[in-house]
Amino acid sequence: MLVEKGSSIGAHILSGAVIKPAVFKELLPEVDFSEIPFNAKVIKDKMVLLSENGHLTLPFHIPYMNNIGNYTASLGQICKYLAVKAEEKGVEVYTGFAVDEILYKDGKVIGAKTKDTGLDHHGNQLENFQAGTSIEAKITIFAEGTRGSLTKMLIKKFNLDKDRNEQIYSLGCKELWSVPPGNIEAGQIYHTMGYPLNNDEFGGGFIYGLNDNKVAIGIVVGLDYKDPSFDVHDAMQVWKTTSFVSKILKGGRLVEYGAKTLPEGGYYAIPRLYVDNALIVGDSAGLVTMPALKGVHLAIKSGMLAAQTAANALSKNDTSEKSLQEYETLVNNSLIYKDMYPVRNFRQGFTNGLIAGGFHFGTQLITGGAGFLGRLRTHPDYQTTQKLTEYKKKLFRERFKGKLDFDKVLTFDKATDIYHSGVYHDEQQVVHLHIKDPATFNAVNIDQYGAPEQFFCSSEVYELHIGKDGKKELRIHAENCMHCKTCDIKSPGDGITWVVPNGGNGPDFQNM
């Protein structure tokens, strides 16, 4: 049984995406490869260094980032296709059901429970109240994507991240455009470095030429940046004004918008992936390689290995932690380990800026990933944000003064982009964004950091309201939420917890 919180399979799925295809042949050996809904095969792959007024196309690929032979795709469409294949094989797929509780018996996972519905903002029962359904299972597999809310609970309860690095994340904002013929060729892709990011901000842009004169564009920025006013969405709009990007979009129109976070901590940040009766897969397990920013093939492979482990455990009638430890053995003997271990120190090397990161990366290439300093550590992203009084450089809005008035032709405000995500939330429900300590939140989050949520949120959920008396408060517009989880990751003091809203709520991505 598969329980999915989105209104349909793919509704909450977003990726660039350029996919390594080999794992699909392993997953579906009986299927004609041409049947899988990939988009265009990559025929040209270039790295471009951007400045405000120009660009330089690099004559080489950064190691691990060559995509020739891979395929562009809408990951949402891939998931829809895979759901059909799964149902043909007997899997029961239930969409529109949010799961917000792990069930335990004698301290062991025995399943999960769907969210109670029919509650008002204060948690009072309405006439249409319906208690959630308990779903018991011999094995529960957590495949919630980045920063899964139940996975987060599971890791904490069983201390699964003991001796692991702190997981760190990036936020990616993406737009899908329809452009005039000739602007970009299908299968032609670019990755950009440089402007509008500075030395303290890790990330870059992507431009993927798709079939039917479509192009997927976006920018991905590590959430370990220091500037309390940095705004990834708005940085993407500034990025689009560069001559290199704007010429590809000229004469085109925006089709769709979305945002999601990605786990970037790498091999050392993978938690223990098994406990009694439960396994963790995909982005929930942090299975993304850097600098390639590849996770789709690893997510699929982890699902396959989890299935193999589960089948063996059920055949033995032993779903204990000892039995499910086979999953870790399989992972460590698979392409997951092969892809992730050689770059095990990559992302940590950039936590102190691009110059230091470049040095660390160079030493890792020489030493097979070890570097000269051995295992590098990380800190939670919320700890890297500096207070307004600490940050001595120009704040984001000062850096890009005059560039943040969006024309709604090439560049868009968040409200316009949100409209193109199809986002929807029931009006009557408990707000799914929880401020942990309201008594101190304003004094710390607003007064010391300037309410960074109003900037880092990809979909204008958080508004800093200033009353006539000068009193400041952070207002939450949960109906706009893109489910990217940035607030759960980046709020100073770990001040906000994201939980699932009602099932079927959230974005309604079609081709992301």
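No lab work stands behind these numbers, since they all come straight from the coordinates. Note that the structure is predicted; figures quoted are calculated from it, not measured. As a convention, Cβ positions derive from the backbone with ideal geometry for all residues, glycine included, and neighbour counts pool all protein chains shown.
At a Cα cut-off below 15 Å, give the aspartates and glutamates reachable from residue 394, other chains included and same-chain residues fewer than 8 away excluded.
In chain and number order, the partners are 200, 201, 227, 231.
Relative contact order for the stretch 195-339: what is it in percent, counting Cα pairs under 8 Å that are at least 6 residues apart?
Reported relative contact order: 16 percent.
Quick one, which of (1) 88, 57, 49; (2) 64, 59, 48; (3) 62, 56, 46 is the actual Cα extents along the principal axes in Å calculated for this model?
Answer by label: (2).
Grab the other residues whose beta carbon is less than 14 angstrom from that of residue 369, score K and R as +1, D and E as -1, and report the net.
Net charge around residue 369: +3.
What number, in percent, do you get for the relative contact order of the stretch 1-89 if the mean sequence gap of Cα pairs under 8 Å and at least 6 apart is divided by its residue count?
Relative contact order comes out at 43 percent.
So for 508, 407, 413, fewest C-beta neighbours within 10 Å to most, what's the order?
Listing 508, 407, 413 from fewest to most nearby Cβ atoms yields 407, 413, 508.
Could you give the semi-axes, largest first, of the ellipsoid that matches the stretch 1-146, computed as the square roots of 5 times the alpha carbon gyration tensor eigenvalues and rounded to whole Å?
One finds semi-axes of 40, 22, 15 Å for the stretch 1-146.
For residue 294, go through the aspartates and glutamates and keep the ones whose alpha-carbon is under 13 Å away, minus same-chain ones fewer than eight residues off.
Once the sequence-local aspartates and glutamates are set aside, what remains near residue 294 is 264, 283, 339.
Kindly flag which residue pairs out of 41/393; 20/85; 436/471 have an alpha-carbon separation exceeding 31 Å in this structure.
41/393
Using a 10 Å cut-off around each Cβ, can you sort 396, 142 from fewest to most neighbouring Cβ atoms?
Ordered from fewest to most neighbouring Cβ atoms within 10 Å, 396, 142 come out as 396, 142.
Sorted from largest down, what three extents in whole angstroms do the Cα atoms of the stretch 335-421 have along their principal axes?
48, 37, 22
Suppose we keep just the DSSP beta bridges with both residues in the chain; what percent of those would be antiparallel, to 5?
Roughly 80 percent of the beta bridges in the chain run antiparallel, per DSSP.
Based on alpha-carbon positions alone, could you give the equivalent ellipsoid semi-axes of the stretch 282-400 from the gyration tensor, as √(5λ), descending, whole Å?
37, 19, 13
For residue 17, what is the net charge nearby, where nearby means another residue's Cβ is under 12 Å from its Cβ and Lys, Arg count +1, Asp, Glu -1?
The answer is +4.
Summing -39500 (n - 2.57) over the DSSP H runs of n ≥ 4 in the chain and dividing by its residue number, what mean residue ellipticity at 222 nm do you reach, to the nearest 500 deg cm²/dmol?
Rounded to the nearest 500, the figure is -6500 deg cm²/dmol.
Among residues other than residue 182 whose Cβ falls under 15 Å from its Cβ, what is the net charge (Lys/Arg +1, Asp/Glu -1)?
Computed value for this residue: +2.
List every DSSP H helix in the chain whose Cα atoms extend 18 Å or more along the helix's own long axis and whose mean Kyte-Doolittle hydropathy is at least 1.0.
Helices passing the filter in the chain: 354-367.
Stick to Cα atoms and the Kirkwood definition of Rh, then tell me Rg/Rh for the stretch 384-498.
So for the stretch 384-498, dividing Rg by the Kirkwood Rh gives 0.97.
Which pairs break 27 Å Cα to Cα here: 247/485; 260/392; 301/485; 113/260?
The answer is 247/485; 260/392.
Which aspartates and glutamates, on any chain, are close to residue 214 with Cα under 15 Å apart, when same-chain ones fewer than 8 places away are left out?
Once the sequence-local aspartates and glutamates are set aside, what remains near residue 214 is 175, 185, 256.
What is the extension gain from residue 56 to residue 436, computed as 0.36 nm multiplied by their sequence separation minus the C-alpha to C-alpha distance, in nm to one decimal?
So the extension gain works out to 132.2 nm.
Taking the beta-carbon count within 10 Å as an exposure proxy, list 377, 397, 147 from fewest neighbours to most.
377, 397, 147
Under the classification rounded if a/c is under 1.5, otherwise prolate if a/b is larger than b/c and oblate if not, where does the stretch 448-498 fall, given a ≥ b ≥ c as square roots of the Cα gyration tensor eigenvalues?
Cα axes put the stretch 448-498 in the oblate bin.
So which of 44/240; 89/115; 5/80 end up more than 18 Å apart by C-alpha?
The answer is 44/240; 89/115.
Suppose each label sits 7 Å from its Cα in the direction of the beta carbon; what would the residue 401-residue 44 distance come out to in nanometres?
4.0
One quarter of the convex hull surface, Cα atoms only: what value does that give for the stretch 82-192 in nm²?
Its Cα hull, projected and averaged over all orientations, spans 13.8 nm².
Percent relative contact order of the stretch 462-502, based on C-alpha pairs within less than 8 angstrom and at least six residues apart?
Relative contact order for the stretch 462-502 comes out at 25 percent.
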